[in-house]
Amino acid sequence: MRKNTVKEKWRRGEPTVGTWLNLGSPLSAEMLAHAGFDWLTVDQEHYAIDLGMLQSIFQAISTTDTIPMVRLAWNDPILIKRSLDAGAYGLVVPMINSREDAIRAVQASRYPPQGFRSMGGGRKALYAGADYPEHANEEIAVIVQIEHIDAVRNVDDILTVEGVDAFFIGPNDLAASMGLPIGLDNPHPDHMAAVAKVLEAGKRHGVPAGIHTGSGQEVLRRIEEGFQFIAISGDSGFMTRAAQDALAVVAKARAAASREVI
């Protein structure tokens, strides 16, 4: 079976950097995969991306060494099974607030006897290899989202579940659950304290930590803190900011020219 290079890097204590795919475009996914990200996560939780499009995006990513992942719409065994059969090598599972939530996610992602994932077809063997069933439990990454204050309180119970390969802090939902202003790279001291508590728990239990950031500089800061699964923006964010930056240059030049005419 094709190796999950992200999990290999985690085992060596190395950071990995990726981004979110929100646009539902195989072409933009292919372009970003060729840009050199360690992983790309298709966001089915908040964007209109169905299973057929998910599979097409995975096919596009498969032209590179980038690891294809998906953020599921929910902690649902059916969604987990179908995403894995489509070719996902990593599952980001939202709103894991308890040990029971984490156990459900892990067991749905693993073949027996470690779990209850059913055997079946799909394109997984085309991407991963004919020996996929023998090695999938080792290579598939289960990443639980810590994005609610209840999850922060229960973090030790969650991260000691066997089969949880990493966790990912959702800054906005965490802030909302705490009654705080939302935003990536949140500077509120209570938010920072919650993030620090979860990061410390991850280090204590040997579970790689992840978080979403808004800039390359923040990625570097999070790496220094010990995060290993770091998202920077998303395909829609990259496109929007590039367009805004280009238009700002044009607008500034036009404004200067107009003043000169006057």
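Only the coordinates and a few stated rules stand behind these numbers; no lab work does. In this text, all values refer to a predicted model and were calculated from it rather than measured experimentally. So basically every Cβ, Gly included, is an ideal-geometry build from the backbone, and we count neighbours across all protein chains shown.
Mind sorting His212, His46, His34 by how few other Cβ atoms lie within 10 Å of their own Cβ, fewest first?
Ranked by crowding around the Cβ, least crowded first: His46, His34, His212.
Put a dot 7 Å past each Cα toward the Cβ at Arg241 and Leu220; how far apart are the dots in nm?
With each label placed 7 Å out from Cα toward Cβ, I get 1.4 nm.
Counting alpha carbon pairs within less than 8 Å and at least 6 residues apart, what relative contact order, in whole percent, applies to the chain?
18
Projecting each Cα onto the charge dipole of the range 1-128 (Lys/Arg +1, Asp/Glu -1 at the beta carbon, about the Cα centre), which of Ala60, Phe116, Ala86 comes out farthest on the positive side?
Positive-end residue among those listed: Phe116.
Which angle between 0 and 90 degrees, to the nearest 10, do you get for helix 235-261 versus the longest principal axis of the chain when only C-alpha atoms count?
The answer is roughly 0 degrees.
Classify the range 76-123 from the C-alpha gyration tensor, please: rounded if a/c falls under 1.5, else prolate or oblate depending on whether a/b exceeds b/c.
oblate
When we measure straight from the Cα of Lys3, which lysines land under 17 angstrom away, once same-chain ones fewer than 8 places off are left out?
Lys124
Return the FRET efficiency for the residue pair Glu8, Arg153: r is the Cβ-Cβ distance, R0 is 41 Å, and the value is rounded to the nearest 0.05.
The value I calculate is 0.80.
Can you spot the lysines whose alpha carbon is less than 22 Å from Lys203's alpha carbon? Ignore those fewer than 8 places along the same chain.
Lys7, Lys9
Would you mind classifying the range 45-114 by shape? Square roots of the alpha carbon gyration tensor eigenvalues, ordered a ≥ b ≥ c; an a/c under 1.5 is rounded, otherwise it is prolate if a/b is larger than b/c and oblate if not. Display every interim value, and only then the final one.
Working: a/c = 2.12, a/b = 1.57, b/c = 1.35.
Cα axes put the range 45-114 in the prolate bin.
What ³J(HN,Hα) values, in whole Hz, does the Karplus curve 6.51 cos²θ - 1.76 cosθ + 1.60 give for the range 28-45 when θ = phi - 60°, with x put for Gly and Pro?
For the range 28-45, the Karplus curve yields 5, 5, 5, 4, 5, 4, 6, 5, x, 5, 5, 8, 9, 10, 7, 9, 8, 6 Hz.
Per the Kirkwood formula on distinct C-alpha pairs, the Rh of the range 132-262 is how many angstrom? List each step's numbers first, then the result.
Values: mean 1/r = 0.0587 Å⁻¹.
One decimal place: 17.0 Å for the Kirkwood radius.
Just how far, in whole angstrom, is the range 202-239 from the range 32-66 if you go by their alpha carbon centroids?
What the calculation gives is 18 Å, centre to centre.
In vacuum, with every alpha carbon of the chain counted as one equal point scatterer, what does the Debye formula give for log10 I(q)/I(0) at q = 0.08, 0.09 Å⁻¹? Two decimals, please.
-0.33, -0.41
Efficiency by 1/(1 + (r/R0)^6): what FRET value for Lys252 and His135, r their Cβ-Cβ distance, R0 = 51 Å, to the nearest 0.05? Walk me through the numbers on the way to the answer.
Numbers: r = 55 Å, r/R0 = 1.08.
Here the calculated transfer efficiency is 0.40.
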